[in-house]
Amino acid sequence: MSAQNEFQSSAMPTLSLTGLCAGFEDPVQQSQQVFRHVLTALSEPGTLQNLPVSETPEGVHIASYQICLALLDAETPLWIGPSLKTSALVSALRFHCGCPVVDEPERAEFALTTPDFDGDLSIFAQGSHEYPDRSTTLIVQVDSLDATIDWTLSGPGIDGVRRVGIAGLDPRWPAMLADNLRRFPCGVDLLLTAGTGLMGLPRTTKVEV
């Protein structure tokens, strides 16, 4: 073995399969089902989609994990918020998806986080007027998508207004979402998750509390 190969071998982190969280039993069919739920969530903002119960790494919502299994691959960099970035989650996603986990949020095509991440939505890739799709899609874990707190949504995909109950977003969020809307066609799209529940908030949605 050459010195260079020896260095690369010793520097490459090993992937432990001990206690590895399972992925999809039928990856093709289940990925397609989750993908359809995601499309519906983004095309009909504020509607609650429910994914089937499955095993997940500790601290990660079922919907969050299944979205990652369905949408991530070796060409989709993922940023994980510090409170969710466990070795169990990283190992599972590396094994089942092969996705690179990046340290810089602006490099991520997807981000998995809790609402209290450090910064605002502008720290993620915003896309450009020529390529608005080159932005980050955020998977944000909230406390509930069926709470009594009223959020009023309007915009494309909504007939008039739609009222939803989202619990767990801190006081920064209304202003951040308003800024995100003003940046259209740039900005980020959000997938909110709570347990098996999924709700989409694309960049085109106006949110009032």
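The values are calculated or read from the model by the stated rules, or taken from the named source; none is laboratory data. This is a predicted model, so every value here is computed, not measured. Cβ coordinates were reconstructed from backbone atoms using ideal geometry, including for glycine residues, and neighbour counts include every protein chain displayed. Heavy atoms of the whole protein, side chains included, go into the accessibility calculation; ligands, DNA and RNA do not. Shrake-Rupley method; radii C 1.70, N 1.55, O 1.52, S 1.80 Å.
Extension gain, Leu39 to Thr196: 0.36 nm times the residue separation minus the Cα-Cα distance gives 54.9 nm.
Leaving out ligands and nucleic acids, note down the accessible area per residue over the chain with a 1.4 angstrom probe, in whole Å².
Per residue, the chain has 51 Å² of solvent-accessible surface.
Summarising the label geometry, the points placed 7 Å from Cα in the beta-carbon direction at Asp170 and Thr114 lie 1.0 nm from one another. For Gln141, the residues 5 or more places off, or on other chains, whose built amide H falls under 5 Å of its own are Thr113, Thr114, Thr193.
Less than 5 angstrom separates the built amide H of Ile80 from those of Val102, Leu112, all sequence-distant by 5 or more or on a different chain. Taking Cα atoms only, the orientation of helix 62-71 departs from the longest principal axis of the chain by about 70 degrees.
What's the longest piece of the chain with no exposed GluC sites (Glu not before Pro), counting a site as exposed if DSSP puts it in a loop and it has at most 12 other beta carbons within 10 Å?
Numbers: sites that count: Glu25, Glu55, Glu58, Glu75, Glu130.
My reading of the result: 131-209 is the longest stretch.
If amide H atoms are built 1.01 Å from N in the plane of the peptide, which residues on other chains or at least 5 residues away come under 5 Å of the amide H of Ala108? Excluding prolines and chain starts, which carry no amide H, the hits are Ala125.
How high is the FRET efficiency from Val53 to Ser144, r the C-beta distance, R0 22 Å, rounded to 0.05? Please list the in-between numbers first.
Numbers: r = 17 Å, r/R0 = 0.78.
Once the sixth-power term is evaluated, E becomes 0.80.
Applying the criteria of a DSSP loop state and at most 14 other Cβ atoms within 10 Å to the trypsin sites (Lys or Arg not before Pro) of region 144-209 yields Arg172. The charge dipole of region 56-209, taken about its Cα centre with unit charges on the Cβ of Lys, Arg, Asp and Glu (plus for the first two, minus for the last two), comes to roughly 200 debye. Of the chymotrypsin sites (Phe, Trp or Tyr not before Pro) in region 62-158, not one is in a loop by DSSP (not H, G, I, E or B) with at most 16 other beta carbons within 10 Å. Residue by residue, region 175-186 carries 3J(HN,Hα) couplings of 5, 5, 5, 5, 5, 4, 5, 5, 7, 3, x, 7 Hz when phi is fed to the Karplus relation 6.51 cos²θ - 1.76 cosθ + 1.60 (θ = phi - 60°); x denotes Gly or Pro.
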